[in-house]
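One structure below.
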Amino acid sequence: MLFRKTLPALGLLGLLALGTGCNDFLDVNTDPLNPTQVESPLLLAATQAAMSTYLGQSVNGLSQPTSAIMQQLVNTRIGSYTLTGQSFENEWAGLYTDALSNNEQIIRQSTASQQWAYVGIAQIQKAYIFSQMVDMWGDIPYSEALQGAANRAPRYDDDAQIYDDLFRLLDEGIANLAKDPSSTISGDLIYNGNLTRWRQLASTIKLKMYNQVRLVRNVQQPVAALLAAGDLLPSGADFEFRYGASTQPDNRNLGFIGDYANSGRENSINPRFFQLMKSRTDPRIPYYFYNQVTSSVAQTVDFQDGKFISTRFGSVGPNAATNNSSLRTLQGLYPIGGKYDNNSGGLATQSSGKGVVAQHFLPFFSRKFIEAELQLTVLSNPAAARQAYEDGIRAAFDKVNAIATADGSPVISATSINNYVTAALTRYTNAATDTDKLRLIMTEKYIASFGSGLDLYTDYRRTNLAPVIVSADDDNDAQTVATGPFPLRLPYRQSDLLANPNAPAQVNVATDRVFWDPN
């Protein structure tokens with residue numbers, strides 16, 4: 001049994017109720033049929049908590065390592081691309097055994113009881129989770145997964161075929177929501193039973209997936225239809241998992257627990273990300289990063305820029321291994337509910353912030369940046385792309401200000417926002433080519449999406465456009481060295497490859513690509 005300590009209390013409650021056991025032959029096949037007495041509301045809450053844990057910005061979540069791959073964080077678990085079959089053991093197993101198995105049980109028992117709204121929500125969640133897993137790993141167990149004792153050795157399905165079926169699954173989910181639109185839903189920690197929001201989310205996930213496959217399929221017609229229908233997530237309806245302030249049990253943001261409650265700290269901020277924002281005089285810096293030092297006096301560290309202290313990605317410098325946990329700059333109020341940087345500094349502890357900021361999956365600003373990319377590259381409408389680009393930037397600032405307001409911290413002024421947006425639009429207008437315009441869209445999405453590393457990693461592999469250097473060997477710094485190639489996909493969980501006779505060989509992360517990546 002893998003030790004997954006950081007699952008939030010609600011998810012842990014569901015996990016304990018399901019009793020997955022420690023002697024399972026293959027974790028992806030934990031039998032979802034055993035817990036016949038667990039009701040759908042409890043399963044729904046457990047699934048959503050597990051989804052946040054294993055997709056999120058935490059020690060057991062995929063967002064943390066992919067944020068490190070994409071140079072927003074520096075994390076020793078990733079190193080400088082030191083990836084093996086053990087690197088993502090917890091994430092892979094947790095998504096299958098905690099999130100997807102609970103979710104599958106909702107589909108099965110709610111279909112039997114004809115509680116169609118629960119079925120629809122669970123189908124939409126299933127499509128989202130599997131789409132993210134395909135984006136990370138490519139071919140994975142899908143059609144034969146989650147069958148428990150009926151199939152202990154599921155085949156690894158073709159990633160393109162899984163995507164095809166996920167579009168079908170989203171349509172089924174939308175249809176099932178419509179069968180009983182007045183249903184009262186309990187246990188929904190994301191939309192509180194609002195079926196309109198779940199329908200809009202399903203359409204937005206479809207738009208995201210069409211964007212993902214646009215280089216290998218003609219998606220003009222379905223993209224145009226989705227945008228024309230307008231039934232997408234509106235402002236204020238972000239797809240996210242909200243955390244609580246309780247410490248007994250601890251329901252705070254798991255990234256906050258890792259970097260604030262844990263005095264050893266999980267992460268450093270990648271200096272390249274900080275320098276990108278600094279170069280733009282980005283007013284979000286004190287919301288994104290918290291500097292623990294109280295002055296700019298030089299410290300014995302690997303990297304320092306004023307009060308900003310970190311370690312370079314792949315550093316082999318003389319201070320690379322120095323313990324800087326009491327000095328390093330941390331993730332701030334955004335994205336993990338840490339401390340807003342009021343420039344006074346101070347050692348960060350679990351009392352330095354509330355840790356209640358939500359784990360973002362698909363926020364409104366991300367939807368607008370997706371639209372901007374599609375308008376530019378698929379619909380050939382640069383004017384509409386420019387508008388969506390502006391909408392995305394403004395929505396990203398709105399998100400930061402909403403978090404600041406809830407925290408009781410100062411908000412970014414309208415003047416500062418307008419100045420930033422004006423500069424961004426000027427860059428867009430002056431961009432000579434569509435590729436240059438797309439680079440600007442992806443850069444603003446990259447900055448806005450701090451805390452959502454999966455989509456950043458996917459965006460880069462799709463577009464080949466990154467606002468920062470992605471390899472330590474490409475920066476002309478003799479003291480930073482990559483220990484492996486940039487991964488084009490994540491390695492499989494080695495335990496499953498050994499246990500499943502139908503599993504493929506381990507992937508070559510330097511050469512094996514996900515189907516939507518023709519580069």
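Can you confirm whether region 390-405 contains a residue that is assigned to a loop (DSSP other than H, G, I, E, B) and either farther than 30 Å from residue 223 by Cα or not charged (D, E, K, R) (or both)?
no
Among the residues of region 349-368, which ones are within 29 Å of residue 204 (Cβ to Cβ) and part of a loop (DSSP other than H, G, I, E, B)?
Within region 349-368, 354, 355, 356, 357, 358, 363 meet the criteria.
For the subset of region 107-139 comprising residues that are touching a residue at least 24 places away in the same chain (Cβ under 8 Å) and among the β-branched types (Val, Ile, Thr), which member is surrounded by the most Cβ atoms within 10 Å (Cβ to Cβ)?
Ranking the qualifying residues of region 107-139, first place goes to 121.
What is the residue count in region 423-458 for residues that are aromatic (Phe, Trp, Tyr) and more than 21 Å from the chain's Cα centre (by Cα)?
1
Among all residue pairs at least 6 apart or on different chains, which show Cβ distances below 9 Å where the first residue, located in region 452-475, is at positive phi and the second is in a loop (DSSP other than H, G, I, E, B)?
Hits for this filter: 464/519.
So, of the residues in region 262-288 that are under 20 Å from the mean Cα position of the chain (by Cα), among the hydroxyl-bearing types (Ser, Thr, Tyr) and in a helix (DSSP H, G or I), which turns out to be farthest from residue 315 (Cα to Cα)?
Among residues in region 262-288 that are under 20 Å from the mean Cα position of the chain (by Cα), among the hydroxyl-bearing types (Ser, Thr, Tyr) and in a helix (DSSP H, G or I), the one farthest from residue 315 (Cα to Cα) is 287.
Could you tell me whether any residue of region 334-348 is within 25 Å of residue 61 (Cβ to Cβ), over 23 Å from the mean Cα position of the chain (by Cα) and either assigned to a loop (DSSP other than H, G, I, E, B) or of a type outside the set (Asp, Glu) (or both)?
The answer is yes, given that some residue of region 334-348 is within 25 Å of residue 61 (Cβ to Cβ), over 23 Å from the mean Cα position of the chain (by Cα) and either assigned to a loop (DSSP other than H, G, I, E, B) or of a type outside the set (Asp, Glu) (or both).
Give the residues of region 310-333 that are surrounded by fewer than 23 Cβ atoms within 10 Å (Cβ to Cβ) and of a type in the set (A, V, I, L, M), sorted by residue number.
Passing the criteria: 316, 320, 321, 327.
Check whether at least one residue in region 448-458 is outside the structural domain of residue 271 (by TED's automatic domain parsing), outside any loop (DSSP other than H, G, I, E, B), surrounded by fewer than 20 Cβ atoms within 10 Å (Cβ to Cβ) and β-branched (Val, Ile, Thr), and report yes or no.
No - not one qualifying residue is present in region 448-458.
Residue by residue through region 490-518, note down the ones that are modelled with pLDDT of 95 or more, of a type in the set (Ser, Thr, Tyr) and surrounded by fewer than 18 Cβ atoms within 10 Å (Cβ to Cβ).
511
Run residue 386 past the list (1) within 23 Å of the chain's Cα centre (by Cα); (2) among the basic types (Lys, Arg); (3) assigned to a helix (DSSP H, G or I) and report the number of the one that doesn't hold.
Checking residue 386 against (1) within 23 Å of the chain's Cα centre (by Cα); (2) among the basic types (Lys, Arg); (3) assigned to a helix (DSSP H, G or I), the one that fails is (1).
Scan (1) at pLDDT 95 or above; (2) under 23 Å from the mean Cα position of the chain (by Cα); (3) not β-branched (Val, Ile, Thr) for the single condition residue 250 breaks and write down its number.
Going through (1) at pLDDT 95 or above; (2) under 23 Å from the mean Cα position of the chain (by Cα); (3) not β-branched (Val, Ile, Thr) one by one, residue 250 breaks only (1).
Has region 234-257 got at least one residue that is among the aromatic types (Phe, Trp, Tyr), part of a helix (DSSP H, G or I) and more than 26 Å from residue 366 (Cα to Cα)?
No, the conditions are met nowhere in region 234-257.
The values are calculated or read from the model by the stated rules, or taken from the named source; none is laboratory data. Computed from a predicted structure; not experimentally measured. With ideal geometry, Cβ positions are generated from the backbone for all residues, glycine too; neighbour counts draw on all protein chains shown.
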